[in-house]
Amino acid sequence: MGGGMTIVERTQVFLLPDLGEGLSEAEIVEWRVAVGDVVTVDQSVVEVETAKAVVDVPCPYAGRVVTLHGAVGEVRPVGQPLITIAPLDGGDEPTGHATYREEERAGSGNVLIGYGTGHGSVTRRRRRPRLAVAPEPADTGPSAGATPAASGDPTRSSAALVISPIVRRLAREHGVDLDTVRGTGPGGVIRRADVQAALTAPVARLAAVPDPQVGSALVGDGDVIVPLTGVRKVIADKLSRSRREIPEVTIWVDVDATGLLETRAAINAATPDAPVSILALLARICLSGLRRFPQLNARVDTEAQRIVQSAGVHLGIAAQTDRGLLVPVLRDAQRLTTAELAAELAATTAAARAGSLPPARLTGGTFTLNNYGVFGVDGSTPIINHPEAALLGVGRIVDKPWVVDGQLAVRKVTQLSLTFDHRVCDGGVAGGFLRHVADCVERPALLIAAV
């Protein structure tokens, strides 16, 4: 049976689908169904977390749940069993199977990319060393001050019982080890209130949670060991490849952004229901520059020894999240109006920070815009988001002395930097692009003339 499905004694085994872009495994975050439940075609049955995003996996056919393959917290390789469905009473096979086959042939958007494209043994992700909230010992007089022990049973080996991803995120953000939290929900499930109670303990301190598989979180003189796994590993691999393969050059220029800020204020005063951000205006300016200098909207195909200039601008926006630096992509951004750009940017960055973007939205960019000014810095020499060919960085906008018509004035000044792959163009093209962007920032009326 094709498409990652097999029939065993009239049951249907759904394999973890290929989640796209080289992702070979996913961690089970939350089962949406239980054994005995009846599911319908395209019903979400499980939430999984990849190295790039949290994804709801839909069931492409209907029936009764017989087996859930894998517990919460377990890592499943692509192509391995995820859920087994049996037909409803009196049926020969799970209903919806024919529908699934037709949708698969037609490329239905209701099913995820590919099924059963990889195989491997079932593994459990090695527990990462985390900082846990542990109570200090009570002051009992002269003998007080002994080393405190972490709360909870030190011999406990099973994973903490957590159903809600919100609870997981809250614990991760505040450094709470869920294995040390006692759940008060049904069956010992850890609730948000349990995590908050751990945070508001009268006296708390950060204590190391040892991991026998990777060593203690604190070793030697207090060094912290952080395994390079998950999204951090993906980021490290991609940036290392960029440095190895791309001969990058960075050029920069200081610009007077006073006119751009005034333009934004005028737009928002005229359209208060659809405000635009500075980032949206910078994105519009970048799109104008890429239309004039398409050499930068490209990638180098090293195997075929050629440069591929993309017909559309798939604009990547660097976003800092609690899972690391992500670059969600606005596909065919050149087709969007400025108001649409602003709305898409706001929705996309919010979804990226919430971890709800599908993996496909985090790949396929052709040019990246990086606003590192939000970190309060003026400049940077960023690493290109491989396999793209260029990245525009924007520093903070601050008051600085500036000469205007021969007179010294205080203006809103920022630094723009362009990092580019020297294989796709020479300095003339890169300088021309950056100068066009700078001119449009200083005199936004030029942007209208270029549209």
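Is the shape of segment 218-339 rounded, prolate or oblate, going by the alpha carbon gyration tensor and its root eigenvalues a ≥ b ≥ c, with a/c under 1.5 for rounded and a/b larger than b/c for prolate? In terms of gyration-tensor shape, oblate.
Going by accessible surface with a 1.4 Å probe and the largest first, Trp31, Trp402 read Trp402, Trp31. In a fully extended conformation the segment linking Ala274 and Val403 would gain 43.0 nm over its present Cα-Cα distance, using 0.36 nm per residue.
With the simple spin-label model, which puts each label point 7 Å out from Cα in the Cβ direction, the Val66 to Glu245 separation comes to 4.4 nm.
Using the Cβ of Glu47 as centre and a radius below 12 Å, the other residues enclosed give a net charge of -2, where K and R count +1 and D and E count -1.
On full extension, the segment bounded by Arg396 and Leu199 gains 67.5 nm, given 0.36 nm per residue less the C-alpha separation. A cut-off under 10 angstrom between Cβ atoms defines the neighbours of Leu391, and their net charge, with Lys, Arg +1 and Asp, Glu -1, is -3. One chain, two ends: Leu88 and Arg192. Fully extended at 0.36 nm per residue, the span grows by 33.8 nm beyond their Cα-Cα distance.
The values are calculated or read from the model by the stated rules, or taken from the named source; none is laboratory data. Model, not experiment: these values are computed from the prediction. No Cβ is skipped: glycine too gets one built from the backbone with ideal geometry, and neighbour counts run over all protein chains shown. SASA here: full protein model, heavy atoms, side chains in, ligands and nucleic acids out. Shrake-Rupley method; radii C 1.70, N 1.55, O 1.52, S 1.80 Å.
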